Amino acid sequence: MANPSSTFQVDLQPIGRRTEITADQTLLEAAQNSGVELVAICGGSGSCGTCRVRLVNGQLSALTPIEAHELEAEEIAIGYRLACQALPLSDVQIEIPPQSLTAPQRTQLEGLELDIAIKPNVFPIDLELEAPDQADLRADTTRLNDAVMALGHEPVQIDLPVLADISDRLRSQNWAARLAVGNQDNQPEAVTILLPQTRLVGIAIDIGTTKVAAYLVDLSSGQTLAQAGAMNPQIAYGEDVVSRIAYANVHRDGREVLQHKIVDTLNQLTAELCSQARVSREQIVDAVVVGNTAMHHLFAGLPVTQLGTAPYVPSISSALEVRAREVGLDLAAGAAVYLPPNIAGFVGADHVSMVLAAGIDRSEQTTIGIDIGTNTEITLAHQGHLLSCSCASGPAFEGAHIRDGMRAAPGAIERVQIDGSTIRYHTIGDQLPVGLCGSGILDAIAQMKRAGVIDRRGVLRQDHPLAHNGDNRNAMILVPANATGHGQDIRITRHDVTEIQLAKAAIRAGIDILLAQANVSYDAIDTFIIAGAFGTYLDLASAIRIGMFPELPLPRFKQIGNAAGMGAKQMLVSMERRHAATELARRVDYIELTTYPGFTDRFAAAMYF
């Protein structure tokens, strides 16, 4: 036992914060002192088990009986502790898993930089040209290419929009320039001409069915300079992929409307990123855009009619490169947009990007990678083989179709615990509750099942003290009106439970069919990777409790955030990663769930808790 007055340093990773505490203070207090917000629904008494951390280096106090009860044996074996129970006996380094962090803190983890060799598609050539005179009447483009070849490079092709700017630029810059050169159709081509030493940047974009994420990246270092997100404006024309395909098919100009809407949003995001990083649009010389197959097609202006009817065939599955101006993106004059390959009609470039970023294609273990969204894609890697499928999980995990559902914003309940007839909850920003985001809904229903408020069919048990029959529908009052931020009850209704049942059943049926196809048991899964915004926020124990995920030891799960966006960044700064994406897509065997024998029975069975 250390002297209570002794002080020790606590290193909190991957947040990167360090703080000092005395020997009689807990790791939870260390986190709180340094501004790291751990989820602790019970207020630090140890009864909720939500403040899990893992000891990496150093010594901690002995395991308490509370920890022995809350933690699994496999977790204890690899160093997991409850932050509210553990005291330091020396300087310690602690790893905090994503599920122990509040939503804003978890978002910080999505900005981790890349550790790959940097070799982008666009590179700079700095030039000092001789000004023309009566004895030297070479054309400006000839003069420029002569200077390029004098430095040992091949001559560059110059497209008309870039050509239109060259003469004025060279003269205003006193014949000194940085030429951005890209590879178009295996030929070097001028992308733009800038002031000497101007930074070249690229933009990586993940077009989700619900949300869009964009990252501005320095092409020489791979550093993320700025990032921003927005709602996908196509939601106004349909919440899911199928309804948007229907809109594009029914309306004569539907495809054009959807394409213009998303491009307008991307241009707004680009302006925001440029403002954050203090760069100009002319400096954005390359782009990578990922999305599911329908989002990919709608962005590129491709037809989607064939995606709405069996056998759901994409217009193109190979990688696609188009000029940014052809799709309406306002970047450098000659900038190109690279779209990675699609796998199938409902497994697109975003999933290829996620599998690439997570290294699932290179894994020697049996690994499942799942990207949860309105449309959920799953890949199983086993003995060198890759199997994929797509599940229509719907927007319930985004808060849609839920009575008091909302986005993950201040005041949203993100964690719930039911102990007897006592309900505890944690809101984003510690504000008065005004609704539930996806992780809160999942938690609430898992806790209702655990406490016996609902049965395995999802029906509220009227003999339970928390069940409430009001407004002609079964519901449980999660937070009474006098404790909310808007003066109204926050409830979980039978309809809410059904929405979650439908979503989780689609995902579980997809997982089970991939395992059955590969003849793999649950126990054989070495690593279970969960990507996507909702996948970062969900509580793993809750997902297992409702049957969405198989019952595996928690340490086998990894929550990795927006991996599709991370993969897009990799392909932005590395040509090798683009080649790897093409090879990956070729290796995948796609399984269409709707025609798979027994899918309906598996889905129906997965509806039960």
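The values are calculated or read from the model by the stated rules, or taken from the named source; none is laboratory data. What you see is a predicted model; the values in this text were computed from it and never measured. Cβ placement follows ideal geometry from the backbone for every residue including glycine, while neighbour counts extend to all protein chains displayed. The area values use the complete protein model at the heavy-atom level, side chains included, leaving out ligands, DNA and RNA. Shrake-Rupley method; radii C 1.70, N 1.55, O 1.52, S 1.80 Å.
Some points to look at:
- Taking all protein chains as they are arranged and a probe of 1.4 Å, the heavy atoms of Y215 leave approximately 10 Å² accessible to solvent.
- At an R0 of 22 angstrom, the distance between the Cβ atoms of S220 and S172 translates into a FRET efficiency of 0.35.
- Cβ-isolated cysteines (cut-off 4.7 Å), the chain: C51, C84, C274, C389, C391, C437
- Stretch gain in nm, segment R138-N519, where the contour uses 0.36 nm per residue and the Cα spacing is subtracted: 130.2 nm
- Cβ-Cβ distance of E154 and E130, R₀ of 30 Å, FRET efficiency by 1/(1 + (r/R0)^6): the value works out to about 0.90.
- From helices alone, the chain scores -9000 deg cm²/dmol at 222 nm; the rule is -39500 (n - 2.57) for each run of n ≥ 4 DSSP H residues, then divide by the residue total.
- S275/T498 FRET efficiency (R0 45 Å; Cβ-Cβ; nearest 0.05): 0.55
- Computed with every protein chain present, the accessible area of H385 is close to 120 Å² [probe 1.4 Å].
- Take every DSSP beta bridge whose two residues both sit in the chain; close to 70 percent of them are antiparallel.
- Length available on full extension from A73 to Q187: 0.36 nm per residue minus the Cα-Cα distance, which gives 35.2 nm.
- Label-to-label distance for K558 and N33 is 3.3 nm, based on points extended 7 Å past Cα in the beta-carbon direction.
- For the peptides 574-581, 330-337, 489-496, the ranking by packing is 330-337, 489-496, 574-581, with the highest mean count of neighbouring Cβ atoms within 10 Å listed first.
- Shape call, the range 485-605: gyration tensor on alpha carbons, a/c limit 1.5: oblate
- For the chain, the dipole from Cβ point charges (+1 on Lys and Arg, -1 on Asp and Glu) about the Cα centre works out to 1260 debye, to the nearest 20.
- Cα centroid separation, the range 507-523 to the range 122-158 (Å): 59 Å
- Oblate is the label for the range 389-459, because the ratio a/c of its alpha-carbon gyration tensor axes (a ≥ b ≥ c) is 1.5 or higher and a/b is not greater than b/c.
- Net length gained if the chain between Q268 and R457 were fully extended (0.36 nm per residue, minus Cα distance): 63.5 nm
- Per-residue accessible area (protein heavy atoms, 1.4 Å probe) orders Y338, Y590 as Y590, Y338, starting from the largest.
- Candidate values [x] 244; [y] 154; [z] 173, label of the one derived for volume of the Cα convex hull per residue in Å³: [z]
- A crude spin-label estimate for the pair L63 and N482, with each label 7 Å from Cα along the Cβ direction, gives 4.4 nm.
- Span-like helix ranges in the chain, DSSP H, alpha carbon extent 24 angstrom or more, Kyte mean at least 0.0: 494-518
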